[in-house]
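Every number in this text was worked out from the coordinates using simple rules, so none of it is lab data. Note that the structure is predicted; figures quoted are calculated from it, not measured. Heads up, the Cβs are rebuilt from the backbone with ideal geometry, glycines too, and the neighbour counts pull from every protein chain shown.
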Amino acid sequence: MAILRIGLVQLNTQSDRTANIAAIERLVGEAAARGARFVMLPEHAPYLGPTEGYQEGAESIPGPLTDRFAALARRQGIYLHAGSLVEKTESPGKYGNTAVVFNPAGEIIAKYRKIHLFDIEIPGKVSAKESDSVAPGDEIVTVEIEGITFGLAICYDLRFPELYRLLALQGAEVLCNPAAFTLYTGKDHWEVLLRARAIENQAWMLAAAQWGPSEPHAASYGRSLVIDPWGTVTAQASDGVGVVVTEIDTALVAKHRIEVPSLANRRPAAYTLEPRGTAVLR
């Protein structure tokens, strides 16, 4: 059981990387000054802009950008979840949308590449294929921080409950979801999906979000949230750039998993898909 003071940074990232990093350093410093031991940024924290800028700015991990974040973690004496960064990959023309977590010594202690990519084709209306430029991950990642197990995910992953269930089965007590949810979907789905993932896995949910317009993208919804294992919102950012700081208590995870033992009552043998049987949750 552990109590941890956490901070979520809500950004309005643009295409100017220098200005974005300056805003990140200022807001992370604010969260640390308010006692946060763990601070999380939103998806695409260092850059959100024209498509060509992602490939141009892709870096290896570790690399110059992660060195900058490592120095920030050391300077503030915190665990820093860098939201997501654009990672150079071995796939020609493709980059990774990758979360990186640093400890207070500036060491990389976890790296997760976004698994689920947004590909959509509605004839005559919408055509978008994230997989044209992004290389998906295939690894489920947890990391221990101050005796608490954190599970990592990014934005669109939120719509795939099986990922969060597997994180919970691997011991995750806290689920992290940095995001750049659009205003269009966010107003109806953001809080609902986050609360659902928290309730069904009886885990804390931390969601740091982009807010506002970032050309040429649609406006991001914002409303960074902290949700407890019962599904109650315990902290929420208002519109705009800023920081949310609060405490999470993993005693609530144990309490609710005893009171409503849905994880313990699972029946994995009944979940095999037939006749093909290609997916089994154990």
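So for the chain, taking the charge dipole from beta-carbon charges (+1 Lys/Arg, -1 Asp/Glu), which of Val260, His217, Ala36 sits furthest toward the positive end?
Result: Val260.
For segment 81-226, with only Lys/Arg (+1) and Asp/Glu (-1) charged at the beta-carbon, what is the dipole magnitude about the Cα centre, in debye rounded to 20?
Details: 13 positive and 18 negative charges, 66 e Å.
Charge dipole, segment 81-226, about its Cα centre: 320 debye, nearest 20.
Kindly identify segment 1-148 as rounded, prolate or oblate by the Cα gyration tensor criterion: order the square roots of the eigenvalues as a ≥ b ≥ c, call it rounded if a/c is under 1.5, otherwise compare a/b with b/c, prolate if a/b is larger, else oblate.
Prolate shape, in that a/c is at least 1.5 and a/b is the bigger ratio.
From the residues Ile115, Gly137, Ala270, which one has its Cα farthest along the dipole of the chain in the positive direction, the dipole being from +1 and -1 charges on Cβ of Lys/Arg and Asp/Glu about the Cα centre?
Ala270
Quickly work out the Thr89-to-Thr182 label distance, labels modelled 7 Å from Cα along the C-beta direction, and quote it in nm with one decimal.
Here the answer is 2.2 nm between the modelled labels.
Classify segment 74-124: rounded, prolate or oblate, from the alpha-carbon gyration tensor (a ≥ b ≥ c, eigenvalue square roots; a/c under 1.5 rounded; otherwise prolate if a/b is larger than b/c)?
On the way: a/c = 3.94, a/b = 2.38, b/c = 1.65.
Cα axes put segment 74-124 in the prolate bin.
If contacts are Cα pairs under 8 angstrom and at least 6 residues apart, what is the relative contact order of the chain in percent?
Details: 667 pairs, mean separation 55.9, N = 282.
Reported relative contact order: 20 percent.
How would you classify segment 117-248 from its alpha-carbon gyration tensor, with a ≥ b ≥ c the square roots of the eigenvalues: rounded for a/c under 1.5, else prolate if a/b is greater than b/c, otherwise oblate? Please report the intermediate quantities before stating the final value.
Details: a/c = 1.95, a/b = 1.32, b/c = 1.48.
Oblate shape, in that a/c is at least 1.5 and b/c is the bigger or equal ratio.
Out of Pro104, Pro178, Pro216, any idea which swings most in a Gaussian network model of the chain, alpha carbons joined below 10 Å?
For the chain, modelled as a Gaussian network with Cα springs under 10 Å, the answer is Pro216.
Dipole of segment 3-270, Cα-centred, from +1 at each Lys and Arg C-beta and -1 at each Asp and Glu C-beta, to the nearest 20 debye?
Charge dipole of segment 3-270: 480 debye, to the nearest 20.
Relative contact order for segment 1-90: what is it in percent, counting Cα pairs under 8 Å that are at least 6 residues apart?
Details: 124 pairs, mean separation 31.3, N = 90.
Dividing the mean separation by the residue count of segment 1-90 yields 35 percent.
Just in segment 118-155: which GluC sites (Glu not before Pro) are loop by DSSP and have at most 11 other Cβ atoms within 10 Å?
Numbers: sites: Glu121, Glu130, Glu139, Glu144, Glu146; in loops: Glu139, Glu146.
Filter output for segment 118-155: Glu139.
If I model a spin label at Ala33 and Gln170 as a point 7 Å from the Cα along the Cα→Cβ vector, what separation in nanometres do I get?
3.7
Report the trypsin sites (Lys or Arg not before Pro) located in segment 216-278 that are in a DSSP loop and have at most 16 other Cβ atoms inside 10 Å of their Cβ, or state none.
Details: sites: Arg223, Lys255, Arg257, Arg266, Arg276; in loops: Arg223, Arg266, Arg276.
Of the trypsin sites (Lys or Arg not before Pro), the ones in loops of segment 216-278 whose Cβ has at most 16 other Cβ atoms within 10 Å are Arg266, Arg276.
Within segment 85-118, whose backbone N sits under 13 Å from a point 7 Å along Cα→Cβ of Glu146?
Residues passing the 13 Å test: 104.
At most 14 other Cβ atoms within 10 Å and a DSSP loop assignment: could you name the trypsin sites (Lys or Arg not before Pro) in segment 10-43 that fit?
Numbers: sites: Arg17, Arg26, Arg34, Arg37; in loops: Arg34, Arg37.
Passing both the DSSP loop test and the Cβ count: Arg34.
Pull out the extension gain between Leu273 and Ala2, defined as 0.36 nm times the separation in residues minus the alpha carbon to alpha carbon distance; nm, one decimal. Mind showing how you got there, number by number?
Working: separation 271, 0.36 × 271 = 97.56 nm, distance 3.82 nm.
Additional length available on full extension: 93.7 nm.
Which residues make up the longest stretch of the chain that has no chymotrypsin sites (Phe, Trp or Tyr not before Pro) in a DSSP loop with at most 14 other Cβ atoms within 10 Å?
Values: sites that count: Phe118, Tyr271.
The segment 119-270 is the longest one with no such site.
Of Ile108, Ile120, Ile21, which is the most mobile in a GNM of the chain whose springs link Cα atoms less than 10 angstrom apart?
For the chain, modelled as a Gaussian network with Cα springs under 10 Å, the answer is Ile120.
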